[in-house]
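Here's the structure we're looking at; comments come further down.
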Amino acid sequence: MAYKSLEECLLDLERAGQLVRIKEEVDPYLEMAAIHLRVHEAGGPAILFENVKGSKFRTVSNIFGTLERSKFIFRDTLSSVQQLIELRNDPIKAIKHPIKNFAAGLAALKALPLKDPFSKPVLFEEIQISDLPQIHHWSKDGGAFVTLPQVYTEDIDKPGIMNANLGMYRIQLSGNEYELNKEVGLHYQLHRGIGVHQTKANKKGLPLKVSIFVGGPPSHSVAAVMPLPEGISEMTFAGVLGGRRFRYTHVDGYAISTDADFVITGEVYPDENKPEGPFGDHLGYYSLKHPFPVMRVHKVFAKKNAIWPFTVVGRPPQEDTSFGNLIHEITGSAIQKEIPGLKEVHAVDAAGVHPLLLAIGSERYTPYQQTKQPAEILTIANHILGTGQLSLAKFLFITADETNQVSTHNIESYLKFILERIDLSRDVHFYTNTTIDTLDYSGTSLNSGSKVVFAAYGDVVRNLSTEIPECFRNLKTFENPVVILPGIIALQTKAFTNYENAETEMQSLNDQLSSAQNISLLNEFPIIIICDDASFIASHLNNFLWVTFTRSNPSHDIYGIGSFSINKHWGCTGSLIFDARIKPHHAPPVEKSAETEEYIQKIFNKGGSLFIFNK
């Protein structure tokens, strides 16, 4: 359906049994987020909060909580959008199959934004920041945040909507040093279009005009998170996906999405920053307080009966997991078309998306060689790590499989395939002193860390074991050996103190395990995970992925039994060791508040709006 508003979408979801209303008063301080988390975890519907403490506006969350619900919302346009993306990747298809692709051509007519429509519902009233629902998601958050904003900026050298950027960058409404109703915090990470716009404005010594849209047709929120190629306007994509042209106007020189529920306008001045955060983020940890641009608020608009949408992020899976699944559903093989030889790439949600990539490529460079070893997949790996947000990855596993039987989405079998073939003296490739995700605190400083590529290809060189060798049972200072997966074993030890001590500890482990009689046994376990709690990390695949890849910095936290460095190449003759313990510089994990959980229980009890979800 071509929804004209967020409320139209919510009523449609309600008719389909995909929305529940909460009539009880709910406090936006912790309670609202806690309710969302419990309903989302149960696979529940969208949640409309009709009685928000401290605000006259209703709120809604979990709109995109499942892929099935997202596909229902865009049921009339999804196939046309997929066709358009496919045609962009292979334009000749339009010539070969004009009738088949006719619908895609019609859908493209919705791409052109519509300026100055007759109806401008978002301009119904002018309000203040303090009138908005002040949603405080986690107990250690620095204030109230906007978690589904559509942040609009223009290129100062090429003004206009067709060269604009629409991105989802969190907004801090209150707390810290922000002057309420006059300032908000603007947080954006590496590889975001707004950074290019601000850089250009700064060079000219001019403020960057920013418009923050909240709500509106659901296609607008999806457009703000889509990884579109540079030069393609998110507003055109919103029109195609929503089946309705993106409508906009200008007020005081600011772009206004007329179908939005709320619009906040303001300016970001050069070198004007204030502390932003902390904020419980999608890696499952808090992003800490750091200087980020402050936006001087100009005006705030709201439509009549406006609804404030929000989401809650934390340790995956969360609602943003479904966002990622929807993006994959829409884009299909777009990344593979961009990177020659790439068959599959999977940003692993359980590891926080950016820290871990699994890929499958091709090996076509040296068919004349009898010995199979990585060649083309190394080129593909470099291409992956130089492509958009994929470049934020810390760990990249890549292989090639001529039988096409391996899938990156079957993680256990994929890792087994890799570990059976990897040559740890040859196939480990580090990238040091480079960029990583802003939200990842495992590195050396904000945005800085390292990467590693594990490129394995060829015949099986080892059999992986699930039986704990005796040599792991009698170690000094390392205890509780537990098999995580075939070929991967966890050991726990005392808490991490500093890297100097860690070097000594890992050398001790090396000395205890590197005797000749242990080498063949170690071959069956090419990876050893050192952690704080071996039972926890081995209890579920997601625990292993989350702990291992969010709590380690490749250059600092990977060791090896019998490690060596020759001509700048690092390798080892025995097992790889990942030190996945919590480090003093890491951000704390997000945790639910027991007090809040107890307080919201009344809504889940008999007679409450959410009794159906009572556990």
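The values are calculated or read from the model by the stated rules, or taken from the named source; none is laboratory data. Keep in mind the model is a prediction, meaning the values are calculated, not measured. Glycine gets a Cβ as well: all are built from the backbone with ideal geometry, and neighbour counts include every protein chain shown. Surface areas here come from the heavy atoms of the whole protein model, side chains and all, with no ligands, DNA or RNA. Shrake-Rupley method; radii C 1.70, N 1.55, O 1.52, S 1.80 Å.
Straight distance only, please: which aspartates and glutamates reach the Cα of Lys416 with their own Cα at less than 18 Å, same-chain residues fewer than 8 apart left out?
Glu344, Asp401, Glu402, Asp427, Asp459, Glu467, Glu524
So if I restrict to the alpha-carbon atoms in the stretch 507-615, what is the Rg, and what is Dmax, the biggest pairwise distance, in Å?
21.4, 71
Considering only protein heavy atoms and a 1.4 Å probe, what is the carbon-and-sulfur percentage of the accessible area of the stretch 394-454? Intermediate results must be reported in sequence, preceding the final value.
Details: 990 of 2190 Å².
Result for the stretch 394-454: 45 percent of the exposed heavy-atom area is carbon or sulfur.
How do Tyr248, Tyr152 stack up against each other in accessible area, from largest to smallest, with a 1.4 angstrom probe?
Ranking Tyr248, Tyr152 by accessible area, largest first, yields Tyr248, Tyr152.
If DNA, RNA and ligands are ignored and the probe is 1.4 Å, what is the ranking of Ser535, Ser450, Ser565 by accessible area, most exposed first?
Highest to lowest solvent-accessible surface, that is Ser565, Ser535, Ser450.
Please report, in Å, the Rg and the Dmax of the stretch 104-178, where both are computed over Cα atoms only.
Just the Cα atoms of the stretch 104-178 yield Rg and Dmax of 17.2, 50 Å.
Please calculate the 1.4 Å probe accessible area of Arg473, with all protein chains present, and give it to the nearest 10 Å².
130
Work out the length of the dipole vector of the chain about its Cα centre, built from +1 on the beta-carbon of each Lys and Arg and -1 on the beta-carbon of each Asp and Glu, and round it to the nearest 20 debye.
Numbers: 58 positive and 68 negative charges, 303 e Å.
That gives the chain a dipole magnitude of about 1460 debye.
Could you pull out every one of the lysines with an alpha carbon less than 30 Å from that of Lys23, ignoring same-chain neighbours closer than 8 positions?
By straight Cα distance, Lys23 reaches Lys4, Lys53, Lys56, Lys71, Lys120, Lys140, Lys303, Lys304, Lys592, Lys602, Lys606, Lys615.
Suppose we keep just the DSSP beta bridges with both residues in the stretch 515-615; what percent of those would be antiparallel, to 5? Display every interim value, and only then the final one.
Details: 7 of 11 bridges.
Of those bridges, close to 65 percent are antiparallel.
Going from most exposed to least, what order do Leu114, Leu173 have by accessible area with a 1.4 Å probe? Spell out each step's value before the answer.
Details: Leu114 50, Leu173 0 Å².
Correct descending sequence by accessible area is Leu114, Leu173.
If you place +1 on the Cβ of every Lys and Arg, -1 on the Cβ of every Asp and Glu, and leave all else neutral, what size is the dipole of the stretch 382-423 about its Cα centre, to the nearest 20 Debye? Intermediate values should be presented prior to the final figure.
Details: 3 positive and 5 negative charges, 40 e Å.
The dipole magnitude comes to about 200 debye.
Students often check this: by mean Cβ neighbours within 10 Å, which of 193-205, 337-349 ranks highest, and how do the rest follow?
Final packing ranking: 337-349, 193-205.
Which listed residue (Gln318, Val294, Val345) has the Cα farthest towards the positive end of the charge dipole for the stretch 289-355, taking +1 on Lys and Arg C-beta and -1 on Asp and Glu C-beta about the Cα centre?
So the residue furthest toward the plus end is Val294.
If you take the charge dipole of the chain about its Cα centre, with +1 on Lys and Arg Cβ and -1 on Asp and Glu Cβ, which of Val482, Ser425, Pro207 is farthest toward its positive end?
Result: Pro207.
Ratio of Rg to Rh for the stretch 227-294, alpha carbon only, Kirkwood? All intermediate terms of the calculation are to be shown ahead of the outcome.
Details: Rg = 16.5 Å, Rh = 15.4 Å.
When Rh is taken as the Kirkwood radius, the ratio is 1.07.
Contour minus end-to-end for Lys200 and Phe72, with contour as 0.36 nm per residue of separation and end-to-end as the Cα-Cα distance? All intermediate terms of the calculation are to be shown ahead of the outcome.
Working: separation 128, 0.36 × 128 = 46.08 nm, distance 4.02 nm.
42.1 nm is the gain from fully extending Lys200 to Phe72.
Grab the other residues whose beta carbon is less than 10 angstrom from that of Pro317, score K and R as +1, D and E as -1, and report the net. Spell out each step's value before the answer.
Details: positive: Arg315; negative: Glu41, Glu319, Asp320, Asp349.
Its environment carries a net charge of -3.
Check cross-link reach from Lys200 to the aspartates and glutamates: straight Cα distance under 19 Å, and skip same-chain residues fewer than eight apart.
Glu154, Asp155, Asp157, Glu230, Glu267, Asp271, Glu272
Provide, as a two-decimal number, the C-alpha radius of gyration of the stretch 325-469 over 2.2 N^0.38 Å, N being how many residues it has.
1.06
When ranked by the protection proxy of mean other Cβ atoms within 10 Å per residue, highest first, what sequence do the peptides 575-587, 403-415 form?
Highest mean packing first, the order is 575-587, 403-415.
Quick one: pull the percent of accessible area on the stretch 1-84 belonging to carbon and sulfur, 1.4 Å probe, ligands and nucleic acids left out.
Looking at the stretch 1-84 in its full context, I get 49 percent from C and S.
Where only protein heavy atoms count, and the probe is 1.4 Å, what is the accessible area per residue for the chain in Å²?
41
Considering only the other residues whose Cβ falls under 14 Å of the Cβ of Cys531, what net charge follows from Lys and Arg at +1 and Asp and Glu at -1?
Cβ neighbours under 14 Å give a net charge of -2.
If you place +1 on the Cβ of every Lys and Arg and -1 on the Cβ of every Asp and Glu, how big does the dipole about the Cα centre of the stretch 405-482 come out, in debye to the nearest 20?
Numbers: 7 positive and 10 negative charges, 28 e Å.
So the magnitude is around 140 debye.
Would you indicate which of (1) -0.40, -1.18; (2) -0.35, -1.28; (3) -0.30, -1.31 is the value of log10 I(q)/I(0) by the Debye sum over Cα atoms at q = 0.06, 0.12 Å⁻¹ derived from the coordinates of this structure?
(2)
How far, in nm, would the chain grow between Lys299 and Ala42 when pulled straight, counting 0.36 nm per residue and subtracting the alpha carbon separation?
Gain in length upon complete extension: 88.6 nm.
Quick one: pull the percent of accessible area on the stretch 468-615 belonging to carbon and sulfur, 1.4 Å probe, ligands and nucleic acids left out.
Here carbon and sulfur together make up 51 percent of the probe-accessible area.
Exactly which trypsin sites (Lys or Arg not before Pro) in the stretch 480-570 are in a DSSP loop and have at most 16 other Cβ atoms within 10 Å?
Lys494, Lys568
Ignoring ligands and nucleic acids, what accessible area does Thr477 show with a 1.4 Å probe (Å², nearest 10)?
90
How large is the helix-only mean residue ellipticity at 222 nm for the chain, computed as the sum of -39500 (n - 2.57) over DSSP H runs with n ≥ 4, divided by its residue count, in deg cm²/dmol to the nearest 500?
-8000 deg cm²/dmol
So how exposed is Thr153, as accessible area in Å² (1.4 Å probe, rounded to 10)?
Around 0 Å² of this residue is reachable by solvent.
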